[in-house]
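Participant: Once you've had a glance at the structure underneath, I'll fire off some questions.
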Amino acid sequence: MNWTDIFIRRPVLSLVVSALVLVFGLKAVGSLPVNQYPQTQNAIVTITTAYYGADPETIAGFITQPLETAIAQSQGIDYLSSMSVSGLSTITATLKLNYDSNAALTQIQTQISSVKNQLPPQAQQPVLTVQIGQSTAAMYMGFYSDDIPNNAITDYLLRVVKPKLDSIDGVQNAEITGGRKFALRAWLDREKMAGLGVGADDVYSAMAANNYLSAVGSTKGDMVAVDLVAGTDLHTLDEFRKLVIKKDGINIVYLDQVASVTMGSEDYNTNVAFSGKRSVFIAIKVAPQANLLDVAERVRAAVPDIQKQLPTGMSGKVVYDSTKFITTSIDEVVATLLEALLIVTVVIYLFLGSARAVAVPVIAMPLSLIGTFFLMQVLGYSINLLTLLALVLAIGLVVDDAIIVVENVDRHMKEGKSPLEASLIAARELGGPILAMTIVLIAVYIPIGFQGGLTGALFTEFAFTLASAVAVSGLIALTLSPMMCSRIFTEAQEASPFVQKIDRIFEKVHHSYQNTLRELLSTWQVIIVMGVILLGGVAYLYSTARSELAPTEDQGIVLMQASGPPNGTVNQMQTYADQIYQISAAEPEYEQMFQITSPTSSFGGVLLKDWDQRSRNATKFQEDMQSKWNSIAGARVAAFQFPALPGAQGLPVQVVINTTESYELLNEVSQAVLDKARRSGNFFFVDSDLKIDKPQDVLEIDREKVAALGMTQQQVGSALSAALGGGYVNYFSVAGRSYRVIPQVKQVDRLNPDQILDYYIRTPSGQMIQARTIATIKQRVVPQSINHFQQLNSATIFGVSTPFISQADLLEFMRQTLKEVAPNGYTMDYAGPSRQFMAESGGFLVTMFFAILIVFLVLAAQFESFRDPIVILVSVPLALFGALIFINLGFTTLNVYTQVGLVTLMGLISKHGILIVEFANELQEAGRSKLDAIVEASSVRLRPILMTTAAMVLGVVPLVIASGAGAAGRQSMGIVIFTGLSIGTLFTLFVVPAMYLFIGADHHQKKFKQQ
């Protein structure tokens, strides 16, 4: 008795196996986490070091360079970049994918500690932050008021709202963005200080000496201990106003005599706006291991309570929620899943014509999918866009096995067998092929599961989810499906007029195909030559296909990045930001907008209405906005979208020119590359971060005069720094919180560089002299920022490309352009999405090669032959040819989705060859000639091949016509499966039989010799 007979003769056993699959699956589906993508760790460590008042060159040489040299010795860093601007050094260490961020952070901290003593004493301590996961916060909340000042809003958020949000389970950090934190500002009056003989450094020193936080201790007697507090620090504005700055005999100079003391803000260099209203944002960042959707739901649940407690006149709301796109995308995929189930059910009915016959695959499909959830849980996977996409494709795969069983049972019943006999015979015949097809499909995905890089990290769950679905489907097909056929099929169903009509149609198709095939096989050599030509066509089509990392997804938001004059202020930049907002708000797709504006740049995003409420998709909206934003005089504005895959940030194109040459020479090269890029027509927007156009005035100090006055360079520098730097002296406390104390000359006394020469400096003799006595001003032009990439001088050219050039061609154009314009000593590197693309390109061919090799070896072991696997796999290039034609016609591009689709296609098309070759071998062993065996095997397997192909092809139609959130990736994979399987099946029905005649083993001759 064959092992498949057990489940047919023992229906309760078969039902118990299926019930266990159902129970375990239903239990798992409720406990699986829900995410946008499979969990990956894309960590970025940022090291910021402030040195108030220092110029970019000083920052780069004395802070950035020593820190970079030390940090580069840490392990796990993919690339190191830095930016040195006035007063601030920012070093960014982007870690390798899935590298342990805690280990990297520990190493970086150790390396920084080793060089802290090399930093200038006036510099602040380096501050390290780690960002894991998506570069943009999961949610933003905006708070605004027409009556309450910005610093008061910020203080309320710090005291009340931020602690509430931080305490929500799964929130890593509620970070205040664009806030103006309270600070005590002593606005120094230059004329009053000169009249009273006080210098800015005197004020600085007096504040440091007389606002002193002391810890005195306590008294302790035999029985009583009393804590002591010394009132050496200041707590109120009045106390600061009466702070003694200078005492000359009986004359005392208080702070309020030389300065206006107020509660202001730490800085005034950032504006944040929500839909045109000045606001303060709170960015909600989700912990790496937390479930994004659950955290967002908990935050939304806390919002009403927060809103109720806001002070009168203050409003707050969620201004950006990234989970809206995720949930909509998941809903779209679930809808696609249901549509595919319905379509496949209709297809099966049209092919079989019997409700009883349809019942078997209709039960097998959801059962197999539900069982897959259990294996997903065992593997530690989540429900995400890629695993759901795998389940959509799995519908066509899991139904194949059930269709083959049903069709084979139906065929034997037409030959006069009873339902039980037909089921037993069919199951015995199909045990081997179904097992072979299941193993082959699982084997196809093994190389994807072990592929490195982003593709491997993301698509491992996709691949093994599909493999799990195939495994469960194989189990159901060999246990439940034959048993159901034996119990619910009746001989009467064959008498149905509809069934008979369908049978007549297929009988005609069967005979027509059989005759055509026999005729063509008389000249099988021609078919083989055609197959070889198509194989060459695959290589050509692959090499000429437009390539990119992933298609751009409509995420319901279009971002903007604007830059202004190098010497602009935040007020000037705000005028450009306001124009951007006004243009955006006039669009019918506009819903709301957020903006973050600093002195020379602005960043923001236009949130669009729901996908079904607008006529333009995000890409078209982006192109239109780019055209309109270009009309803003004085600003350069880029419109772009979030990267389609996690792990990168910034504009889509980011190429880095590295060199050891000076920035002046580097600027010449980068401008030459930039000019060619602009003239090429390949970009909507392109710019460089190296701009040597910032005016800078240098105070030339006469060293001899300084020495003659008994002064030192340190005294001169300290006096000017105390007046202009804006650095904080120390802290004071109010209501349990500490705030900075910042002295600085009033803005009216620092409107232009010439005013600095009127500042007074105290000499050791007590005389007050103007700075012009010992200094002159010299003007020069310097870079806005000094940038390094991998510790080399660098210029990053960033941009947004047009849709008429692929990502691969664009980067090749940039490489060739650099070769043409640059002398030796200049190299090109990549950042952001461009680096992702370069890292992932080339890996597909290796993956495909290993997939073919593994499938070949598996088939060889199953068929005990090295010939039969070649016959079966000859259908693979035929299917690839069909898919690549439509990729080259522009229906999609060669990207991670289509590449994984091509690998999937290999497994799908191989099933046809397995069915034909397995049956042909059996027929030969039964005494048929090689030609007769392959003709009959192909003809008999024609109906199940057409049925499974139609089910798979039509099942992916919802992917092909997908629209809305997350549709681009689904469309790409759907187009590949639809076209490749359709065209590949057509070729397979003729090329596989021809190849079988050419190299297939002659089992009939072998059996004759054995006899």
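Participant: Using Cα positions and a limit of under 23 Å, work out the lysines in reach of K162, with same-chain residues fewer than 8 apart set aside.
Facilitator: K181, K277, K285, K308, K317, K324
Participant: Show me, for the range 612-620, the HN-Hα J-couplings you get by feeding each phi into the Karplus relation (A = 6.51, B = -1.76, C = 1.60, θ = phi - 60°), rounded to Hz, glycine and proline as x.
Facilitator: So the Karplus estimates, Gly and Pro as x, are 8, 10, 9, 8, 9, 7, 5, 5, 5 Hz.
Participant: How far, in nm, would the chain grow between A735 and T69 when pulled straight, counting 0.36 nm per residue and subtracting the alpha carbon separation?
Facilitator: This chain segment gains 235.5 nm when fully extended.
Participant: Quick one: 3J(HN,Hα) in Hz for the range 358-374, Karplus 6.51/-1.76/1.60 with θ = phi - 60°, rounded, Gly and Pro as x.
Facilitator: Once θ is set to phi - 60°, the couplings for the range 358-374 become 5, 4, 5, x, 5, 7, 5, 4, x, 5, 5, 5, 5, x, 4, 4, 5 Hz.
Participant: Right, another one. Which of R300, R835 has the fewest other C-beta atoms within 10 Å, and how do the rest follow up to the most?
Facilitator: The most exposed by this proxy come first: R300, R835.
Participant: Can you give the extra length, in nm with one decimal, that the chain gains between S631 and D147 once fully stretched, where that is 0.36 nm per residue apart less the Cα-Cα distance?
Facilitator: My answer for the length gained is 170.8 nm.
Participant: On to the next question. Return the FRET efficiency for the residue pair N117, V303: r is the Cβ-Cβ distance, R0 is 60 Å, and the value is rounded to the nearest 0.05.
Facilitator: That gives a FRET efficiency of 0.80.
Participant: Moving on to the next point. Between the alpha-carbon centers of the range 347-391 and the range 210-234, tell me the distance in whole angstrom.
Facilitator: With the range 347-391 and the range 210-234 each reduced to a Cα centre, they are spaced 74 Å.
Participant: Under 12 Å from the Cβ of S81, count the other residues' Cβ atoms, weight Lys and Arg +1, Asp and Glu -1, and hand me the total.
Facilitator: Within the 12 Å Cβ shell, the charges total -3.
Participant: Follow-up. Once the Cα atoms of the range 41-132 are picked out, what are the Rg and Dmax in Å?
Facilitator: Radius of gyration, then largest Cα-Cα span, for the range 41-132: 12.6, 38 Å.
Participant: Which longest uninterrupted range of the chain lacks any GluC sites (Glu not before Pro) assigned by DSSP to a loop state (not H, G, I, E or B) and surrounded by at most 10 other Cβ atoms within 10 Å?
Facilitator: Counting at most 10 other Cβ atoms within 10 Å as exposed, the longest clean stretch of the chain is 416-863.
Participant: Under a cut-off of 22 Å between alpha-carbon atoms, report the lysines in cross-link reach of K192, not counting same-chain residues fewer than 8 places apart.
Facilitator: K242, K246, K247, K746
Participant: With +1 on the Cβ of every Lys and Arg and -1 on the Cβ of every Asp and Glu, and nothing else charged, how large is the dipole of the chain about its Cα centre, in debye rounded to the nearest 20?
Facilitator: Taking the Cα centre of the chain as origin, the dipole is about 660 debye.
Participant: How do V570, V303, V21 line up, fewest other C-beta atoms within 10 Å first?
Facilitator: Result, fewest neighbours first: V303, V570, V21.
Participant: Another question, then. Using the Karplus equation 6.51 cos²θ - 1.76 cosθ + 1.60 (θ = phi - 60°), what ³J(HN,Hα) coupling, rounded to whole Hz, does each residue of the range 764-772 give in order, writing x for Gly and Pro?
Facilitator: x, 7, x, 6, 9, 10, 7, 4, 5
Participant: Place a label point 7 angstrom from the Cα of L213 along the Cα-to-Cβ direction, then list the residues of the range 728-761 whose backbone nitrogen is under 18 Å away.
Facilitator: 728-743
Participant: To continue, here is another question. Given +1 on the Cβ of Lys and Arg, -1 on the Cβ of Asp and Glu, and no further charges, what dipole in debye does the range 875-1011 carry about its Cα centre, rounded to the nearest 20?
Facilitator: Value, rounded to 20: 60 debye.
Participant: Rounded to the nearest Å, what's the spacing between the alpha carbon centres of the range 747-782 and the range 395-413? Just the number, please.
Facilitator: 91 Å
Participant: If you don't mind, another one. DSSP loop chymotrypsin sites (Phe, Trp or Tyr not before Pro) in the range 830-923 with at most 14 other Cβ atoms within 10 Å of their Cβ, which ones?
Facilitator: The qualifying sites are F866.
Participant: Report, by chain and number, residues whose modeled amide H sits under 5 Å from the one on T177, excluding near sequence neighbours (fewer than 5 apart, same chain).
Facilitator: Under 5 Å from the amide H of T177 lie the amide H atoms of F281, I282, A283, each far enough along the sequence or on another chain.
Participant: Taking only DSSP H segments of four or more residues, each worth -39500 (n - 2.57), what value at 222 nm results for the chain once the sum is divided by all its residues, to the nearest 500 deg cm²/dmol?
Facilitator: -17500 deg cm²/dmol
Participant: Going through the range 407-478, which chymotrypsin sites (Phe, Trp or Tyr not before Pro) have at most 12 other Cβ atoms within 10 Å and a DSSP loop state?
Facilitator: Sparse-neighbourhood loop chymotrypsin sites (Phe, Trp or Tyr not before Pro): F450.
Participant: Give me log10 I(q)/I(0) at q = 0.05, 0.09, 0.10 Å⁻¹ for the chain, Debye formula, one equal scatterer per alpha-carbon, no solvent.
Facilitator: Summing over Cα pairs of the chain leads to -0.43, -1.04, -1.21.
Participant: Something else about it: Quick check on the exposure proxy: order L607, L165 from fewest to most C-beta atoms within 10 angstrom.
Facilitator: If I rank by nearby Cβ atoms, fewest first, I get L607, L165.
Participant: Taking 0.36 nm per residue of sequence separation and subtracting the Cα-Cα distance, how much length would be gained by fully extending the chain between W3 and L931, in nm to one decimal?
Facilitator: Full extension from W3 to L931 adds 330.9 nm.
Participant: On to the next question. Taking the Cβ-Cβ separation of Q514 and V846 as r and a Förster radius of 41 Å, what is the calculated FRET efficiency to the nearest 0.05?
Facilitator: 0.50
Participant: Using 1/(1 + (r/R0)^6) with R0 = 22 angstrom and r between the beta carbons of V160 and T262, what's the FRET efficiency to the nearest 0.05?
Facilitator: 0.40
Every number here is computed from the coordinates shown, using simple stated rules; none is lab data. In this text the structure is predicted, and so the values were computed from the model without any measurement. All Cβ positions, even for glycine, are placed from backbone atoms using ideal geometry, and neighbour counts span all protein chains on display.
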